[in-house]
1. If I model a spin label at D251 and W27 as a point 7 Å from the Cα along the Cα→Cβ vector, what separation in nanometres do I get?
2. Name the shape class, rounded, prolate or oblate, that the alpha-carbon gyration tensor gives for region 116-200, where a ≥ b ≥ c are the square roots of its eigenvalues, rounded holds for a/c under 1.5, and otherwise prolate holds if a/b is larger than b/c and oblate otherwise.
3. Angle between the Cα long axis of helix 112-126 and the longest principal axis of the chain, 0 to 90 degrees, nearest 10?
4. Relative to the longest principal axis of the chain, what angle (0 to 90°, nearest 10) does the C-alpha long axis of helix 83-93 take?
5. Straight-line reach from K37: which lysines fall under 21 Å, measuring Cα to Cα and dropping same-chain residues less than 8 apart?
6. Structure shown: which of K7/K122; K16/K184; K7/K34; K7/K166 lie over 32 Å apart, alpha-carbon to alpha-carbon?
7. Once both axes come from the Cα atoms, what is the angle between helix 247-259 and the longest principal axis of the chain, in degrees from 0 to 90, rounded to 10?
8. Rounded to the nearest 0.05, what FRET efficiency do D280 and T62 have when you use their Cβ-Cβ distance and R0 = 35 Å?
Amino acid sequence: MQIPEIKVYTQEELIKKVSFIKKMREWSSRRSRKNRKGKEMFFDTEAGRVRTLTYGFDNHATQALFVDIHGGGFIFGDPEMDDPYNQQLAEEAGIKIVSIDYSLAPEHPFPAAIDECYATVKYMQTHASELGIDAGRIAVGGHSAGGNFTAAICIRNAMTKELNIKAAILDYPPLDVYTDAYEKPRGKGFMARFMLPPKRSRIFDACYCTDREARRNPLISPLYASDDELAAFPPVLVITAGRDSLCAEGDRFAERLRSVGTRVLHRRFDKAQHGFTLFDSPDAREGRRLITEFLRKELT
């Protein structure tokens, strides 16, 4: 099959191109906000005021913290996506959770979201005592694009050495935004229906960063990080899905982390597809159990 030529879009063209998807997601989000369990809190960080949903903060005892970063292909989503599971995770792991509502592309391309996520983690660490957080027990993690941001936070911290991140979770993350989506595994026949559509993935990647060559930046494509940057990572849980075009880069990233001495727990769910941990299935429940147990172990 011939690979379609890559079209270069302006930011204005991208905004128009994804407007329908964003409107539908915003409509769905408004409905989910009516039943959310998390408490809305705003924090004035170095990157500006950031909205979050929080869990466990009614408990005034000092506890470990998990900073959750939702997915959505860089262009849609909010903390409400993870809300059905975060309350249970907070209770089962015995921790507090802050779920970040970061700015979305293409209106806010790289580095807006990573700046906000990094600044939120820093704020939690700096204000730990007043928030009932143990500053020495902070983990960061995310699904899909949130996994990308999590890896980018760890890479930036390898440069700044400002954060004391105890553990990181990467759940089916996009880690190579540089490589064209048509060059990634797409499956054949029946299997192709499970994979992320490459045409759509191209658009999402361009929304986050229009300059393709710039996407080699490890803060955009963590797979291109140096060995020294990867060696600075805390213990990492990497979850990948076999029926996901992002699986290979996630598997490779786990291997690279392990090769430089970083402690890695990697689990690939061969029959799962992208986004599976946010649904109700045996694999999803097992994935969420892994996340809970990992946080219990690493934040003890």
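Only the coordinates and a few stated rules stand behind these numbers; no lab work does. Bear in mind the structure is a predicted one, so any value in this text is a computation, not a measurement. No Cβ is skipped: glycine too gets one built from the backbone with ideal geometry, and neighbour counts run over all protein chains shown.
1. 3.9 nm
2. Numbers: a/c = 3.78, a/b = 2.67, b/c = 1.42.
Because a/c hits 1.5 or more and a/b exceeds b/c, region 116-200 counts as prolate.
3. 10 degrees
4. So the helix axis and the longest Cα principal axis differ by about 50 degrees.
5. Output for K37: K96.
6. Working: K7/K122 38 Å; K16/K184 26 Å; K7/K34 40 Å; K7/K166 41 Å.
As for pairs spanning more than 32 Å Cα to Cα, those are K7/K122; K7/K34; K7/K166.
7. 50 degrees
8. So, using R0 = 35 Å, E works out to roughly 0.55.
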